[in-house]
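The values are calculated or read from the model by the stated rules, or taken from the named source; none is laboratory data. Just so we're clear, the structure is a prediction, and the values are computed from it rather than from any experiment. With ideal geometry, Cβ positions are generated from the backbone for all residues, glycine too; neighbour counts draw on all protein chains shown.
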Amino acid sequence: MTDLACPVPFSDYERVVLAHGGGGRVMHRLIEELFVTAFDNPHLRAQHDGAVLDTPGRLAVTTDGFTVRPLFFPGGDIGSLAVHGTVNDLVCCGARPEHMTASFILEEGLALETLRRVVESMARAAREAGVRVVAGDTKVVEKGKGDGVFITATGLGRVLAPEPPSPSRVRPGDAVLVTGPVGDHGVAVMIEREAMAIESDLASDSAGCAPQLLALLDAGVDVRCLRDPTRGGLASVLNEIARSARAGIHVREADVPVRSEVADACELLGFDPLYVACEGRLVAFVPEADAERALGALRRTPGSEDAARIGVVTEDHPGTVLLESPLGPSRVLDLLSGEQLPRIC
Amino acid sequence: MRWVDEFRDAGTARRLAGALARSATRPWTVMEICGGQTNTIARYGLEDLLPEGMRLIHGPGCPVCVTPLEIIEAARVLAQEPGVVLCSFGDMLRVPGAGGDLLDARSRGADVRVVLSPLDAVQMAANDRGRHHVLFGVGFETTAPATAMAAELARRLDLDNFSLLASHVRVPPAIELLLSEPEHEIDGFLAAGHVCTVEGLADYPALCARFGVPIVVTGFEPVDILHGLLMCVRQLEAGRHEVENQYTRSVRSDGNPEARALVDRVFEVADVPWRGLGVVPRGGLRIRPAWARFDALRRFDPSLPEVTEPVACKAGLVLQGRLVPTDCPEFGRACTPEHPLGAPMVSTEGACAAYYRHRRHAAFDERADR
């Protein structure tokens, strides 16, 4: 993406120095000229220790830390990722994201130009998601004690769903939907990180999913459970829900949307796309009676045109996810024991 | 349509399974040699599609599984040498050695890096001459050419900070060893397609003739495996025992002579230990004396602790095809992918891990029935 914003002359330094976290003039200038300018809103402008919010009704709150290498990848960067990740956790509570806070751990020596790009991307993502960044913090750690930038974010949202989605509301017979192809984010980052010689237009799916939640609620769908399949991918999320709902889940592998670029890269690495992270997808559990309406509403929402029904909740095998192979037989789709590791041959 | 789709097609698979059922008049037992094939069999549930009584035995073709414990220990010890970067394929990182695995060594400060290609390790050494880079090169005939190419490239770049911890093994001598076992139950073999892509078919006719078993060189997709099994069963039913090539889209009968010549320049055939099988005569490769400067064991001569396999681990029997993973008393109890007792529980190509990940419900159903 071409960045058309003008560089902001917020520092005499080219790189982050310890003084940027030291509490003095250098730090204040960074905060005022970079962070407050980018995230501009009345709460930040007040430059107080925190923000006082006037938000009636039920609130959803979440917190999440973000580390990613490389900091920039096709389809996003750590800044936009921090917004999308936080926003999507709120969406999974049935809430419309409204506010967030962000804490930046910066590594001494990080180019300030890099930080500017991250912060401006984050501000753009927040604007698109309708979220205000109302409070923040910056700390600097010595060179070698960080990986450029770490971001920790807290999000607040207003609960819109009449009954907030939760694994405890999942019932046998519920349809399992996914809002788009899985594994794009993990594979896009992997290709970039390993500088793999794969010609690919693949981009991360990183995106905020509030429009999908709103589309489902507007269509009158009873959203029983929502989860964003980030670390550990679709397979891990389904396992978590099967366990906490004490229900079985039966998934048809042939129905799970996977882009051919993702499938091919996984083939090469010995990965299973069902365990690869997404950052802009939701897994939705809805009553069978609402399933077709839910799919229609999702497919009309930009970004989830390829939403699909992938399985069903069962009374059998509670706590276990079974995956039906395209050839017919089923197998257990388990949690991974650790991270996926590229294989030998 | 993607390049693999036709080899995963449900209709083709069902037709092949039907033909297999019609062809088999006896309960044949076939060993697939390669762990990649084992993984496909478990992942797609192919055993559920076989005729009643037909049995698959999973062979020792898992590079992670057969790499001797001594070599795993050597990798761990070398990784802890000051100034050494150990470059390894990803799935070697979790194999338990006597004093922990490589991930554990990394968490204690060792510089262990995952490479996707052996040439990446040479590149890393060229870019960072201040540290010594050891490439942990393991695998079958399939990966040996890439390891040899890494050594050649290092020599061409005149790198003094690059060496190999090599443990490459050869499949045909292992087949010979398994068939020499008087009590073996194997009627026929599926040989590993990718090994033969390099080696060709020359090693196999003598084995077929000497032991009276058909050997079908087979690919790795579900349709390949069912097709390979059908070809094998048809031979068995007709009383034939020949080499046949199912994987014609990759395997030529003379293999890849350039790749073999490359391996031959750097390595020589030797008697080597396979974890679980013991010493296999002519069963592996060792670095030729002319390449000693690239031999990590000769350069560092690490002092290695005595290593012994965990007593409870039956990996040896599993690797010889004499024990189904789920029949091991420790399977899913003391031995899981989180706490593997033996290497076959680690790699995606290990029979125990394949059963744990894909077939556990079947095993537990059976246990519950008993």
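Things worth noting here:
- Inside the range B:20-43, residues that are in contact with a His (Cβ under 9 Å, 6 or more places away or on another chain), away from every other protein chain (no Cβ under 14 Å) and not acidic (D, E) make up a count of 1.
- Residue in the range A:263-275 that is of a type outside the set (S, T, N, Q) and in contact with a strand residue (DSSP E or B) (Cβ under 7 Å, 6 or more places away or on another chain) present: no
- Index of the failed condition, B:G321 passing every other in (1) on the phi > 0 side of the Ramachandran plot; (2) within 12 Å of chain A (Cβ to nearest Cβ): (2)
- Within the range B:44-60, if we keep just the residues that are at the interface with chain A (Cβ under 10 Å from one of its Cβ atoms) and touching a strand residue (DSSP E or B) at 6+ places or on another chain (Cβ under 7 Å), the residue that is surrounded by the fewest Cβ atoms within 10 Å (Cβ to Cβ) turns out to be B:E47.
- Looking across the range B:14-56, the residues that are at pLDDT below 95 and acidic (D, E) come down to B:E47, B:D48, B:E52.
- Single condition A:D334 does not satisfy, out of (1) among the acidic types (D, E); (2) without any contact (Cβ under 8 Å) to a residue 40 or more places away in the chain; (3) within 14 Å of chain B (Cβ to nearest Cβ): (2)
- Counted residues, the range A:46-97 - those being charged (D, E, K, R) and outside any loop (DSSP other than H, G, I, E, B): 4
- Hits in the range B:324-349 (condition: within 21 Å of B:M92 (Cβ to Cβ), assigned to a loop (DSSP other than H, G, I, E, B) and more than 11 Å from chain A (Cβ to nearest Cβ)): B:L341, B:G342
- Here B:E185 meets each of (1) touching a helix residue (DSSP H, G or I) at 6+ places or on another chain (Cβ under 7 Å); (2) in a loop (DSSP other than H, G, I, E, B) with one exception, condition (1).
- Restricting B:G137, B:G99 to those that are away from every other protein chain (no Cβ under 14 Å) and either within 26 Å of the chain's Cα centre (by Cα) or farther than 22 Å from A:E194 by Cα (or both) reduces the list to B:G99.
- Test result for B:S117, at the interface with chain A (Cβ under 10 Å from one of its Cβ atoms) and surrounded by fewer than 20 Cβ atoms within 10 Å (Cβ to Cβ): yes
- When B:P82 is tested against (1) outside any helix (DSSP H, G or I); (2) without any contact (Cβ under 8 Å) to a residue 12 or more places away in the chain; (3) within 13 Å of chain A (Cβ to nearest Cβ), exactly one condition is not met: (3).
- Assessment of the range B:245-259 against the conditions (part of a loop (DSSP other than H, G, I, E, B), over 30 Å from B:T25 (Cβ atoms), out of contact with any Phe, Trp or Tyr (no Cβ under 8 Å at 6 or more places or on another chain) and free of Cβ contacts under 8 Å to residues at least 40 places away in the same chain) yields at least one matching residue.
- Selection of the range B:109-168 for residues being over 22 Å from B:C62 (Cβ atoms) and charged (D, E, K, R) yields B:D111, B:R113, B:D120, B:D128, B:R129, B:R131, B:E152, B:R155, B:R156, B:D158, B:D160.
- Criterion violated by B:V272 - all others in (1) within 14 Å of chain A (Cβ to nearest Cβ); (2) in contact with a Ser or Thr (Cβ under 8 Å, 6 or more places away or on another chain); (3) under 30 Å from B:D158 (Cα atoms) satisfied: (1)
- Residue that is over 17 Å from A:V321 (Cα atoms), without any contact (Cβ under 8 Å) to a residue 60 or more places away in the chain and within 21 Å of the chain's Cα centre (by Cα), where the choices are A:R259, A:R231, A:R193, A:R281: A:R231
- Residues in the range B:145-182 that are out of contact with any Leu (no Cβ under 8 Å at 6 or more places or on another chain) and part of a loop (DSSP other than H, G, I, E, B): B:L157, B:D158, B:L159, B:D160, B:N161, B:E181, B:P182.
- Answer residue from the range B:205-223, given it is touching a Leu at 6+ places or on another chain (Cβ under 9 Å) and within 15 Å of B:R43 (Cα to Cα) and is farthest from the other protein chains (Cβ to nearest Cβ) among those: B:V223
- Residues of the range A:304-344 classified as of a type in the set (K, R) and surrounded by fewer than 21 Cβ atoms within 10 Å (Cβ to Cβ), total: 1
- The set of residues from the range B:23-50 being closer than 20 Å to A:E324 by Cα and not in a helix (DSSP H, G or I) comprises B:Y44, B:G45, B:L50.
- Residue list for the range B:287-309, restricted to those being within 21 Å of the chain's Cα centre (by Cα) and more than 29 Å from B:R131 (Cα to Cα): B:E309
- Considering the range A:299-323, the residues that are part of a strand (DSSP E or B), within 13 Å of chain B (Cβ to nearest Cβ) and touching a helix residue (DSSP H, G or I) at 6+ places or on another chain (Cβ under 6 Å) include one that is farthest from B:N39 (Cα to Cα), namely A:V321.
- Restricting the range A:122-171 to residues that are of a type in the set (K, R) and within 20 Å of the chain's Cα centre (by Cα) leaves a set whose member that is surrounded by the most Cβ atoms within 10 Å (Cβ to Cβ) is A:R132.
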